[in-house]
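Read the structure below first, then the notes.
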Amino acid sequence: MIDVRPSQQMRDLGVVQHGAGILAEPARSFTFPAERDEAERITDELFAAMERIGQVHPFAKGMGIAAPQIGIGRSAAVVQPPGDAPAVILLNPKITDHSDETDEQYEGCLSFFDVRGLVPRPLKITVETTTLTGETVTTVYERGLARLIHHEIDHLDGLLYTARMRTGIEPIPVEEYRQTGHTWVYDGA
């Protein structure tokens, strides 16, 4: 049996990989209600991608995926919190506030799944999103879910988690990471 690198596995599942230009570009916002059908279609594609990925890789800490990661440059992401919590759909999300208190945890990313990086993030964020009907909704997220949501919003802003890592800290190979005994955050958390 051939051992397939995690990044190749993600590529085979339709996840755009590190180095692709779309991952470095800010995603284009939706105009509602005019683009409601487009937003619904893209959200459905994100859920389908999460389903494919979830069939081959367990995500005990939750997971997320942003539209640019499946080759769509629009401001949409889906986050599946751990456990039975309902998925969070993010359309045109913007972080409007965050706590000064932070923590630093390992994160992984479906777009370069061979490494994990130690990323500081606020413990609490306030996020403004748009519903499919064009309403603005503001939600506060804390701890692990805040980390997941922030990671996905970064994707929509054209940032990878490496942009948030402290100077001098580099991502480590997933094999080395597994030996640290830490739990990690997958693409999102």
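Quick rundown of the values:
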read-out	value
Vicinal HN-Hα couplings computed from phi for the range 14-31 (Karplus, 6.51 cos²θ - 1.76 cosθ + 1.60; Hz; Gly/Pro x)	x, 8, 4, 9, 2, x, 6, x, 4, 6, 9, 10, x, 6, 7, 5, 8, 10
Additional length obtainable on full extension of the chain from Thr138 to Ala163, 0.36 nm per residue less Cα span	6.4 nm
When the range 59-128 is reduced to its Cα atoms, the Kirkwood hydrodynamic radius in Å	13.7
3J(HN,Hα) from dihedral phi, the range 63-73, Karplus parametrisation 6.51/-1.76/1.60, rounded to Hz, x for glycine, proline	8, x, 8, 10, 3, x, 6, 10, x, 10, x
Probe 1.4 Å - accessible area at Thr31, Å² to nearest ten	80
Mean Cα-pair separation over length for the chain, i.e. relative contact order, pairs under 8 Å, 6 or more apart, %	27
Amide H contacts under 5 Å for Gly158, placed H, 5+ residues apart	Ala27
Degrees, to the nearest 10: 36-56 long Cα axis against longest axis of the chain	20
Summed side-chain charge close to Ser75 - residues other than Ser75 whose Cβ falls under 15 Å, Lys, Arg +1, Asp, Glu -1	-4
Rounded to 10°, Cα long-axis angle of helix 143-156 versus longest principal axis of the chain	70
Three-way shape label, the chain, alpha-carbon gyration tensor, a/c 1.5	oblate
Accessible area (Å², per residue) of the range 32-113, counting only protein heavy atoms and a probe of 1.4 Å	45
Surrounding net charge for Pro171, when Lys and Arg each add one and Asp and Glu each subtract one, Cβ distance under 11 Å	-3
Residues whose placed amide H lies under 5 Å from that of Arg116, excluding near-sequence neighbours	Ile172, Val174
Environment charge of Ala87, counting only residues whose C-beta is closer than 13 Å and scoring Lys/Arg +1, Asp/Glu -1	-4
Virtual paramagnetic centre 7 Å along Cα→Cβ of Gln8, amide N under 19 Å, in the range 24-66	53, 56-57
Carbon + sulfur, % of accessible area of the range 30-145 - ligands and nucleic acids excluded, 1.4 Å	49
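The values are calculated or read from the model by the stated rules, or taken from the named source; none is laboratory data. A quick note: this is a predicted structure, and the numbers were derived from the prediction, not measured. Don't worry about glycine lacking a Cβ; one is built from the backbone with ideal geometry, like all the others, and counts go over all protein chains shown. Side chains included, ligands, DNA and RNA excluded: accessible areas come from the protein's heavy atoms. Shrake-Rupley method; radii C 1.70, N 1.55, O 1.52, S 1.80 Å.
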